[in-house]
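The values are calculated or read from the model by the stated rules, or taken from the named source; none is laboratory data. Bear in mind that the values here come from a model prediction, so they are computed numbers and not experimental data. Because the Cβ atoms are built from the backbone with ideal geometry, glycine has one as well, and the counts that use them run over all protein chains shown.
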Amino acid sequence: MKGINTMISSNPKPAEEEELIPCLPNEIAMNCLARVPRWHHRALSQVSKPIRSLLHSHVFYNLHSAIHGKQPFLYLHLHSAYFPSQWWAFSLASPSPCTTIEPFPIPLLPSPTYQPAYAILGHHIYVIGGHLNCIISRQVWIMDCRFNRWREGPSMVIPRMGASTAVMDGKIYVMGGHDQEPLPNNWAEVLDPAVGRWVKADYNCFESRENRVWFEVGERVVTCDGRRVEKLWLGRNGWGCFEDGFFYKLNYPAMLTGQESVAGVEVVDGLLELPGWNPPDTNRRPKQLAGSIANGSLFVVWIDYWNREYKLWCSELEVNKSKRDHADYYNRHWEVSATPKWSHKVLFCSEQFKMAGSLVVDGL
């Protein structure tokens with residue numbers, strides 16, 4: 001009996017569930033915390049270790065989404081002299097003209113680089129390659145946007161900087177972006193997340209004869225089937241977006257175009273209405289097409305400088321198309337215009353900063 005009693009007393013007691021909020025059952029406390037907007041979560045995570053663990057749990061994410069609904073978020077990757085790499089995010093859920101957008105900081109990338117490429121697959125942002133101290137990188141970092149946490153991904157076959165990416169059939173393709181023009185067998189590689197390894201992709205992996213749209217990767221013009229490509233990163237001008245049968249991209253320095261086929265490229269009117277978009281001295285300042293969401297809206301992001309202040313703006317565009325009776329001299333069959341739904345100053349600073357990437361992630 002003594003031995004049995006000794007064994008019983010030596011067994012550890014079950015660990016009690018830690019309190020989230022004193023004097024409140026955890027179920028009620030979690031319902032209260034789930035009503036806090038995401039831009040306050042970083043401050044909330046500093047309150048206690050149990051709350052920090054809760055914020056990174058799938059249970060809390062599902063409850064928060066059930067209360068607030070799925071929303072699109074814009075992620076911004078910025079560089080400045082004092083901060084080599086900063087990430088910010090904010091909700092794109094239809095702010096009113098008098099609404100103040102409150103971006104919140106994202107944890108720093110563990111190993112930042114300049115001129116990386118980006119890809120979006122589901123809830124994940126992939127930051128691919130780039131360079132640091134003149135050394136081109138093979139590294140890949142992945143952010144889970146539900147919890148804003150970084151993890152290291154599989155490295156590429158060869159180092160790349162300033163590459164283009166495409167997401168097609170659940171796989172990520174990276175193209176170009178070598179210090180020299182790659183040979184055909186190194187021009188592209190592909191990652192299947194289910195396998196977790198990059199392999200070389202065929203030089204003609206995107207070629208298509210149907211529903212063709214085109215984009216440039218270095219010296220090469222690539223055509224693809226616009227119905228198959230889900231996301232397309234084109235470099236300094238941001239994303240190529242496929243919406244309602246059209247392929248939209250921002251051409252340097254400030255022209256938005258829409259393309260139904262290789263034969264006809266339409267210039268999208270209406271961007272000159274955006275504040276600080278195209279004054280004569282700002283043509284060379286960064287502008288990006290940040291992406292699109294399920295309702296067909298496009299988002300553009302740009303930097304303006306006025307009165308000794310650098311301002312980063314964001315606008316949601318509603319695209320309107322009308323068919324011409326006859327094609328014009330340039331074989332254009334459509335008239336395309338963009339109407340700003342809203343435009344907001346998101347960030348401002350007296351010190352110069354640069355925009356590396358802007359990424360719209362829908363359904364968070």
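Show me the strands (runs of 3 or more DSSP E) found entirely inside the range 29-108 where at least 3 residues are aliphatic (A, V, I, L, M).
73-80
Given the condition closer than 19 Å to Val167 by Cβ and modelled with pLDDT of 80 or more, answer yes or no: does some residue in the range 278-289 qualify? Checking the range 278-289: at least one residue is closer than 19 Å to Val167 by Cβ and modelled with pLDDT of 80 or more. Is it the case that Ser350 is at pLDDT 80 or above, more than 17 Å from the chain's Cα centre (by Cα) and over 30 Å from Arg146 (Cβ atoms)? So Ser350 fits the description; yes. For the range 112-159, filtering for residues that are assigned to a strand (DSSP E or B) and of a type outside the set (Ser, Thr, Tyr) leaves 21. Among what's in the range 226-244 and is in a loop (DSSP other than H, G, I, E, B) and touching a residue at least 24 places away in the same chain (Cβ under 8 Å), pick the residue that is farthest from Ile303 (Cα to Cα). Here the residue is Arg228.
Report yes if Met156 is modelled with pLDDT under 90 and of a type in the set (A, V, I, L, M, F, W, C), otherwise no. The answer is no for Met156. Picking from residues in the range 171-199 that are modelled with pLDDT under 90 and surrounded by fewer than 16 Cβ atoms within 10 Å (Cβ to Cβ), the one that is nearest to Glu152 (Cα to Cα) is Asp179.
Please verify whether the range 119-133 includes one or more residues that are over 24 Å from Gln288 (Cα atoms) and in the same structural domain as Cys241 (by TED's automatic domain parsing). There is at least one residue in the range 119-133 that is over 24 Å from Gln288 (Cα atoms) and in the same structural domain as Cys241 (by TED's automatic domain parsing). With (1) over 27 Å from Ser45 (Cβ atoms); (2) at pLDDT 85 or above; (3) not aromatic (Phe, Trp, Tyr) as the list, and Ser96 as the residue in question, which single condition is left unmet? Failed condition: (2).
Would you say Pro103 is farther than 19 Å from Leu298 by Cβ and loosely packed, with under 14 Cβ neighbours inside 10 Å?
Taking the combined requirement at face value, the residue does not satisfy it.
Would you please name the residue that is nearest to Leu108 (Cα to Cα), looking only at residues in the range 132-161 that are hydrophobic (A, V, I, L, M, F, W, C) and over 17 Å from the mean Cα position of the chain (by Cα)? Checking each candidate, the answer is Leu132. Among residues of the range 331-347 being at pLDDT 85 or above and either part of a loop (DSSP other than H, G, I, E, B) or among the basic types (Lys, Arg) (or both), the one that is farthest from Ser80 (Cα to Cα) is Lys341. Of all residues in the range 231-255, those satisfying the criterion of being surrounded by fewer than 16 Cβ atoms within 10 Å (Cβ to Cβ) and out of contact with any Ser or Thr (no Cβ under 7 Å at 6 or more places or on another chain) are Arg236, Asp244, Gly245, Tyr252, Pro253, Met255.
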